[in-house]
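Comments concern the structure below.
The values are calculated or read from the model by the stated rules, or taken from the named source; none is laboratory data. Given the structure is predicted, the values throughout are model-derived calculations rather than measurements. Heads up, the Cβs are rebuilt from the backbone with ideal geometry, glycines too, and the neighbour counts pull from every protein chain shown.
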Amino acid sequence: MPLTLSDLGKAVLDTHYAVRGPIVARAQELERAGRKVIYCNIGNPQALGQKPLSYVRQTLALTEWPELIAAAPEAFPPDILARAKAILSESKYGLGAYSDSKGLKFIREAIAEFIHERDSDKTLEVNADPEHIFLTDGASKGVQAALRLLIASDHDGIMIPTPQYPLYSATITLYGGVQVGYHLDEASGWSLSRRMLDEAYLSARGAGVKVKAICVINPGNPTGSVLSRDNIAMVIDFAKEHGLSILADEVYQENIYGKNDRFVSFARILAELGQKEVSLFSFHSCSKGYLGECGQRGGYMEVRNLPAEILAQITKLQSISLCANLPGQILVYLMVRPPRLGEASFDLFQREKAAVLDGLKRRAIMLAEGLNSIPGYSCQPITGAMYAFPTIVIPEGRTDEEYCLALLERTGICVVSGSGFGQVKGTAHFRTTILPPIDQIEEVVRKIREFHLSWK
């Protein structure tokens with residue numbers, strides 16, 4: 001007898017991932033039928049026209065096919081040739097062999113230097129240990145490893161923001177844990193408040209949940225917000241008081257658009273506070289920022305304030321998958337070791353990087369202003385990441401899922417309903433990316449306006 005749904009585990013059946021859910025499935029059906037679809041459902045930069053950076057693809061080409069170094073050296077800048085040779089020398093067996101379970105050591109060392117340079121200044125030295133860094137197949141695998149480590153029973157809870165990226169809710173469900181949602185304050189630009197954290201924590205404890213950790217996404221997905229230094233310090237203080245670990249999703253750290261905003265890492269504030277009692281798992285990825293190399297699946301997890309026996313357990317989890325894919329590991333190396341001033345590829349790299357980030361900033365402003373010009377819409381400023389999460393006023397008795405599906409059917413614009421990310425009861429939202437080209441952003445806003453004013 002063939003396999004049926006009743007044969008599957010409840011955790012699998014209860015797991016949902018809205019970003020690629022029914023609305024996206026319908027969009028793909030419409031596209032196969034010949035309809036034009038603008039996919040705004042997922043942060044997939046190159047699928048929406050972002051060009052790969054030259055130094056990334058040139059170095060990858062040489063490391064994937066080393067014969068090119070001798071066959072066509074004139075086609076590559078000298079620093080790219082030197083970088084590829086160094087990578088091949090350090091990786092020993094090329095990109096077709098397994099690495100250590102933690103990832104190639106020279107890449108972990110480069111990440112440690114990157115963290116040191118990013119977080120240190122004249123007032124404070126922030127060091128990182130390469131042995132506390134794990135290369136992963138995108139940041140998602142690092143998040144899943146941390147959650148697998150933390151969730152030991154069906155009474156173990158993980159605090160996640162509302163709204164949140166569905167990776168967290170889906171993985172917690174899959175691993176048999178409890179989601180403990182804490183609300184972000186939309187009216188104040190999706191900031192965190194201690195009161196909201198305390199309310200969520202105490203409610204969970206009252207229900208018999210053992211809260212193990214708090215997840216924070218900064219810059220925010222789906223909110224497009226950037227946390228202040230004081231907000232981060234408050235979370236650390238909260239975690240210390242309740243004996244929680246922190247999962248810091250920092251994959252959008254290069255995507256900062258607000259004039260007065262800047263990225264501050266949890267590792268930096270942990271060091272400022274001299275805090276050694278709070279365990280920190282932080283995640284970064286080459287899928288976002290200005291690289292946009294989602295398909296390469298490169299990322300890393302750095303951990304702090306964990307004993308050796310816990311590090312050994314993480315290494316064991318990593319070893320079950322043998323290692324992260326090697327091209328993805330190399331992408332992470334290229335992310336943390338870009339061309340330096342004076343190198344032949346530096347000027348082109350700077351131009352290409354600036355073009356990506358300046359373009360995203362322009363689109364962030366355009367989209368927020370465009371959505372706010374629609375009656376019944378309210379969109380907070382998009383100061384970071386790649387998304388907007390506007391509030392929409394819809395007729396009573398209708399849902400944002402119905403709204404998003406009708407928007408897709410009528411306009412070909414694919415967005416994800418707010419209920420897939422979590423939202424305050426009685427409100428309606430959707431998440432859209434800022435990634436379409438400028439002319440498509442204008443088209444998206446125009447079509448949404450026309451649809452919204454006519455939908456009943």
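Go through Gln318, Gln253, Gln296 for me and flag whichever is over 17 Å from Ile217 (Cβ atoms), in contact with a Phe, Trp or Tyr (Cβ under 7 Å, 6 or more places away or on another chain) and polar (S, T, N, Q).
Among Gln318, Gln253, Gln296, only Gln318 is over 17 Å from Ile217 (Cβ atoms), in contact with a Phe, Trp or Tyr (Cβ under 7 Å, 6 or more places away or on another chain) and polar (S, T, N, Q).
Looking only at segment 40-54, filter to residues that are within 18 Å of the chain's Cα centre (by Cα), modelled with pLDDT of 85 or more and not in a helix (DSSP H, G or I); which one of those is surrounded by the most Cβ atoms within 10 Å (Cβ to Cβ)? Can you show your working first?
To start, the set of residues in segment 40-54 that are within 18 Å of the chain's Cα centre (by Cα) comprises 40-48, 50.
The next check asks that each one be modelled with pLDDT of 85 or more; those that pass are 40, 45-46, 50.
Narrowing the set further to residues that are not in a helix (DSSP H, G or I) leaves 40, 50.
Numbers: Cys40: 27, Gln50: 20.
My answer is Cys40.
Could you tell me which of the residues Met196, Met159 is farther than 24 Å from Arg297 by Cβ and crowded, with 23+ Cβ neighbours inside 10 Å?
Met159
Scan Ser89, Ser101 and give me the residue that is farther than 11 Å from Gln329 by Cα and not assigned by TED's automatic domain parsing to the domain that holds Cys286.
The unique qualifying residue is Ser89.
Which of the residues spanning segment 381-399 are crowded, with 22+ Cβ neighbours inside 10 Å and not aliphatic (A, V, I, L, M)?
Thr383, Gly384, Tyr387, Phe389, Pro390, listed by residue number.
Which of the residues belonging to segment 376-399 are over 28 Å from Ser285 (Cβ atoms) and touching a strand residue (DSSP E or B) at 6+ places or on another chain (Cβ under 8 Å)?
Gly376, Tyr377, Ser378, Thr391, Ile392, Val393, Thr399
Could you identify the single residue in Glu302, Glu343, Glu309, Glu293 that is surrounded by fewer than 22 Cβ atoms within 10 Å (Cβ to Cβ), touching a residue at least 24 places away in the same chain (Cβ under 8 Å) and of a type in the set (D, E, K, R)?
Just a single option satisfies the conditions, and that option is Glu343.
Test Gly206 against the stated conditions and say whether it is surrounded by fewer than 24 Cβ atoms within 10 Å (Cβ to Cβ) and more than 23 Å from Leu149 (Cα to Cα).
It is true that Gly206 is surrounded by fewer than 24 Cβ atoms within 10 Å (Cβ to Cβ) and more than 23 Å from Leu149 (Cα to Cα).
Condition test on Arg57, is it in a helix (DSSP H, G or I), touching a residue at least 12 places away in the same chain (Cβ under 8 Å) and of a type in the set (Lys, Arg)?
For Arg57, the condition - in a helix (DSSP H, G or I), touching a residue at least 12 places away in the same chain (Cβ under 8 Å) and of a type in the set (Lys, Arg) - is not met.
Given (1) charged (D, E, K, R); (2) out of contact with any Lys or Arg (no Cβ under 8 Å at 6 or more places or on another chain); (3) surrounded by fewer than 20 Cβ atoms within 10 Å (Cβ to Cβ); (4) at pLDDT 95 or above, where does Glu352 come up short, assuming only one miss?
(2)
Determine which single condition Ser419 fails, assuming it passes every other condition in (1) assigned to a helix (DSSP H, G or I); (2) farther than 23 Å from Lys36 by Cβ; (3) at pLDDT 90 or above.
Of everything listed in (1) assigned to a helix (DSSP H, G or I); (2) farther than 23 Å from Lys36 by Cβ; (3) at pLDDT 90 or above, Ser419 misses just condition (3).
Looking at segment 101-144, which of its residues are over 15 Å from Arg297 (Cα atoms) and assigned to a strand (DSSP E or B)?
Asp121, Leu124, Ile133, listed by residue number.
Output the residues belonging to segment 90-125 that are crowded, with 18+ Cβ neighbours inside 10 Å, among the β-branched types (Val, Ile, Thr) and more than 19 Å from Asp249 (Cα to Cα).
Result: Ile107, single match.
Is it the case that segment 318-337 has a residue that's free of Cβ contacts under 8 Å to residues at least 24 places away in the same chain, over 26 Å from Val143 (Cβ atoms) and more than 20 Å from the chain's Cα centre (by Cα)?
No - not one qualifying residue is present in segment 318-337.
Just checking, how many residues over segment 282-313 are under 18 Å from Ile214 (Cα atoms) and part of a strand (DSSP E or B)?
7
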